[in-house]
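Notes for the one structure printed next.
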Amino acid sequence: METTNNPSEAAVDTTSAGESTAVGGVYTLVWRTFKESRPAIISLCVFIFFLLFSFVGPYLYVSNQTNGFIAGSQTINGMAAANFPWFHSWQMILGGDPSGFDIVGRLMVGGRTALTVGILSGLISTFVGAAWGAIAGFRGKTLDSVMMRFVDIGLSVPGIFLLIVIVVLFKSSSTTVTLTLGLTSWFGSARLIRGETLSLKSREFVSAVRVLGGSDRRIIFRHILPNTVGTMVVIGTFAVADSILALAGLGFIGLGIPLPNTDWGSMLQNAVQYAPDGYWWDIFPAAICIILVVMSLNYMGDALRDGFEVRLQKR
Amino acid sequence: MFSYLARRLFQGSIVLILVILFTFLLEHMVPGGPAVVALGSRANPKSIYLYNKTHGLLSPVIVQFFNYLKQVLTFHLGTSITYSAPVWTLIRSALSHTVVLVTVALVLQFVIAIPLGAFQAQRRNSRFDYIATGTTFVLYSIPVFLIGEFMITLFAIQLHWLPGLVSQTASAWAVFTSPLQFLMPIFTLTFLGIGGLSRYQRSSMVEVLAQDYIRTARAKGLSERLVVRRHALRNSVLPIITIIGLSLPALVGGALITEYLFDIPGMGSLTLQAATTQDMPVVVGTTIVATAFTIVGSIVADLLYAVADPRIRTQGR
């Protein structure tokens with residue numbers, strides 16, 4: 001098939017070929033809808049800012065984030081660094097946390113945890129859910145109903161309780177939390193992908209592959225799943241947001257990533273304990289970070305859904 | 001109808017048994033097994049052996065599981081390590097707080113979200129619709145504990161209007177007798193679901209308003225109010241009822257954080273206290289009971305759906 005630079009033609013071509021030789025065209029089309037939404041573009045900038053802030057920031061803005069003793073004993077302008085107020089000194093622009101760590105640097109450490117855990121568990125949840133849903137939907141019959149009953153079960157368990165059980169048993173760490181969040185949140189995506197698989201499997205390109213002797217596995221993983229990429233991207237974006245929220249919640253109830261590492265929820269929990277004593281500003285930095293990142297992901301997910309729906313309409 | 005209920009109950013009990021199995025396996029997956037969980041990683045082999053012997057942990061795992069299952073299903077959830085009291089006694093006194101909190105918040109969510117979403121759909125693409133969509137979207141992105149924390153900071157610490165914590169001696173029904181102290185926790189939990197629910201209600205209502213029977217109702221000269229109330233609203237609420245069951249796990253999880261935030265002596269606070277003291281029997285017990293509560297809740301939601309939708313009610317008659 002001849003590749004074309006015209007996005008709308010390319011989109012039409014993908015559908016007739018079934019396979020994604022002109023994926024770039026589809027993405028151009030999605031991007032066109034995406035960039036029309038101002039909130040989505042702002043969100044993308046916010047999200048990229050937080051990525052840079054958390055992963056590149058620590059190299060540009062160096063601060064002690066490991067030694068609590070040094071942090072607790074330092075002074076700024078004759079005042080203790082612990083609970084140092086925000087906007088009082090250029091040395092610690094957002095002030096110090098209750099242990100004396102610089103809050104800007106602390107936010108970077110917390111952001112690294114939040115984004116790593118969020119993105120990885122979002123990926124796990126999306127891919128496990130997609131594979132599960134596609135296999136169930138494609139095979140159908142008994143296997144489908146057994147697999148989907150399992151999904152119903154997963155959807156009816158309050159996840160935070162399981163998370164607490166696991167954190168108490170296996171100790172809180174980025175790995176434990178990532179795996180638990182990823183492996184307990186894929187049920188919704190399995191449902192969505194199954195629905196899409198049901199409609200895809202009756203399409204001609206699937207019969208074509210079968211006639212050519214392609215195995216079920218090949219059809220599912222090489223032909224059906226690539227065609228659900230739109231749904232997967234949207235689900236994935238929301239899954240990352242949900243994971244970041246869940247991690248923040250876990251930190252807030254005191255079961256977050258332990259020192260010297262931290263996460264935004266744990267920072268909040270630290271701050272909240274000192275809020276009644278008048279250190280109310282401690283709450284805001286981490287709170288604002290959580291809200292901005294989650295909101296930007298939700299807005300992007302929304303815009304992506306609109307974008308991919310336009311593509312679906314053109315089918 | 002009856003067979004439907006029976007099937008749901010059967011399905012629910014399978015879910016419960018699987019969750020029990022899952023927590024049971026998790027405890028056995030810890031290096032050293034439940035004994036190390038209970039006694040700590042520095043316990044000496046002799047005390048581990050004695051613990052295993054007294055708790056029947058020397059028999060094969062499968063036998064242990066069925067013994068455990070039998071105990072759990074008869075409400076013998078073990079003994080709390082920190083309180084030295086039966087776990088079920090602790091849970092029973094905490095459960096009512098959670099159930100009342102969740103139920104009140106759930107009802108409030110519907111009372112607020114359904115008119116809001118319906119009104120938005122009626123005035124689609126108006127300024128009100130945009131503002132409401134924007135606000136609910138922001139609400140949807142703010143974690144529940146931040147809403148609660150902001151409320152505490154504003155109303156309790158800065159303005160001194162409302163008490164920041166709930167009285168520890170109050171019974172679960174104090175929500176109705178002295179509602180002031182429960183105002184913040186209940187609204188914290190209510191806000192958790194409004195964003196999502198009002199969006200569903202809005203799109204459901206938009207869909208219904210485009211139906212032929214709405215045009216018929218208008219064509220026969222009914223007033224707009226009647227069209228909306230009798231024909232549109234009732235039909236648009238139906239799919240929302242099914243969402244109750246799906247939103248319950250998140251609500252129960254939100255209740256856990258809300259209870260922690262406002263110091264309500266419910267299941268969530270109990271779980272978290274137990275989590276910080278490594279009191280595994282309590283953590284596992286509350287997990288199982290919370291799951292059971294969620295399952296019962298979603299079955300009730302399905303029954304409500306049948307009550308509301310005559311097509312389902314009369315099925316199989």
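In sequence order, what are the phi-derived ³J(HN,Hα) couplings for segment B:190-200 according to the Karplus relation 6.51 cos²θ - 1.76 cosθ + 1.60 with θ = phi - 60°, rounded to whole Hz, with x for glycine and proline?
So the Karplus estimates, Gly and Pro as x, are 5, 4, 3, x, 4, x, x, 4, 5, 5, 4 Hz.
Could you sort the residues of segment B:127-152 by number and keep only those whose accessible area is reduced by 20 Å² or more in the all-protein-chain setting relative to the chain alone, 1.4 Å probe?
Hits at the 20 Å² cut-off: B:137, B:138, B:140, B:141, B:142, B:143, B:145, B:146, B:149, B:150.
In terms of solvent-accessible area of protein heavy atoms at a 1.4 angstrom probe, what is the ranking of A:289, A:45, highest value first?
Putting A:289, A:45 in descending order of accessible area: A:45, A:289.
Give the residue from B:256, B:213, B:114 lying farthest towards the positive end of the charge dipole for segment B:87-316; charges sit on Cβ (+1 for Lys and Arg, -1 for Asp and Glu) and the dipole is referred to the Cα centre.
My answer, from the dipole projection, is B:213.
Would you mind calculating the relative contact order of segment A:100-218 from Cα pairs under 8 angstrom and at least 6 residues apart, reporting the percent as a whole number?
Reported as a whole number, the value is 40 percent.
Give me the lysines in straight-line cross-link reach of residue A:35: C-alpha distance below 19 Å, same-chain residues under 8 apart excluded.
Residue A:35 reaches A:314.
Starting from the Cα of residue B:173, step 7 Å along the direction of its Cβ; do the same at residue A:49; then give the gap between the two resulting points in nm.
5.3
Lysines near residue B:70 by alpha-carbon distance under 24 Å, same-chain residues fewer than 8 away left out - which ones?
Within reach: B:53.
Placing +1 on the Cβ of each Lys and Arg and -1 on the Cβ of each Asp and Glu in segment B:141-243, which of B:150, B:222, B:240 has its Cα farthest towards the positive end of the resulting dipole?
B:222
Points 7 angstrom from Cα along the Cβ direction at residue B:246 and residue A:175: gap in nanometres?
3.6
Please compute, for peptide B:268-277, the average count of beta-carbon atoms on other protein chains lying within 10 Å of each residue's beta-carbon. Mind showing how you got there, number by number?
Numbers: counts 4, 0, 0, 6, 4, 0, 2, 7, 4, 1.
Mean number of neighbouring Cβ atoms from other chains: 3.
Roughly speaking, to the nearest percent, how much of chain B's 1.4 Å accessible area is carbon and sulfur?
Numbers: 10570 of 16040 Å².
That share works out to 66 percent.
Accessible surface of residue A:132 in the full protein assembly, 1.4 angstrom probe, to the nearest 10 Å²?
70
Hey, if you put +1 on the Cβ of every Lys and Arg and -1 on every Asp and Glu Cβ in the protein assembly as shown, which of B:13, A:34, A:111 ends up farthest toward the positive end of that dipole?
B:13
Given the rule -39500 (n - 2.57) for each run of at least 4 DSSP H residues, summed and divided by the residues of the protein assembly as shown, what is its mean residue ellipticity at 222 nm, to the nearest 500 deg cm²/dmol?
Values: 28 runs with 444 residues, N = 632.
Mean residue ellipticity at 222 nm (helix-derived): -23500 deg cm²/dmol.
Taking the Cα centre of the protein assembly as shown as origin, sum charge times position over the Cβ atoms of Lys and Arg (+1) and Asp and Glu (-1), and report the length of that vector in debye to the nearest 20.
On the way: 43 positive and 30 negative charges, 410 e Å.
So the magnitude is around 1980 debye.
Pop out the ³J(HN,Hα) list for segment B:209-226 in order, Karplus 6.51 cos²θ - 1.76 cosθ + 1.60 with θ = phi - 60°, rounded to Hz; leave Gly and Pro as x.
5, 8, 6, 5, 5, 6, 4, 4, 4, 5, 5, 7, x, 5, 5, 4, 5, 5
Loop-only trypsin sites (Lys or Arg not before Pro) in segment A:196-246, please: DSSP not H, G, I, E or B, and at most 15 other Cβ atoms within 10 Å. Before the final figure, lay out the partial values.
Working: sites: A:201, A:203, A:210, A:217, A:218, A:222; in loops: A:201, A:203.
Of the trypsin sites (Lys or Arg not before Pro), the ones in loops of segment A:196-246 whose Cβ has at most 15 other Cβ atoms within 10 Å are A:203.
Averaged per residue, what accessible surface does the protein assembly as shown expose to a 1.4 Å probe, in Å²? Intermediate results must be reported in sequence, preceding the final value.
On the way: 30220 Å² over 632 residues.
With the other protein chains kept in place, the protein assembly as shown gives 48 Å² per residue.
Post the alpha-carbon centroid distance, segment B:1-78 to segment A:105-163, in whole angstrom.
That distance is 25 Å.
The values are calculated or read from the model by the stated rules, or taken from the named source; none is laboratory data. Remember, it's a predicted structure, so these values are computed and weren't measured experimentally. No Cβ is skipped: glycine too gets one built from the backbone with ideal geometry, and neighbour counts run over all protein chains shown. Ligands, DNA and RNA are stripped out before the accessible areas are found, and what is left, the full protein with its side chains, is counted by its heavy atoms. Shrake-Rupley method; radii C 1.70, N 1.55, O 1.52, S 1.80 Å.
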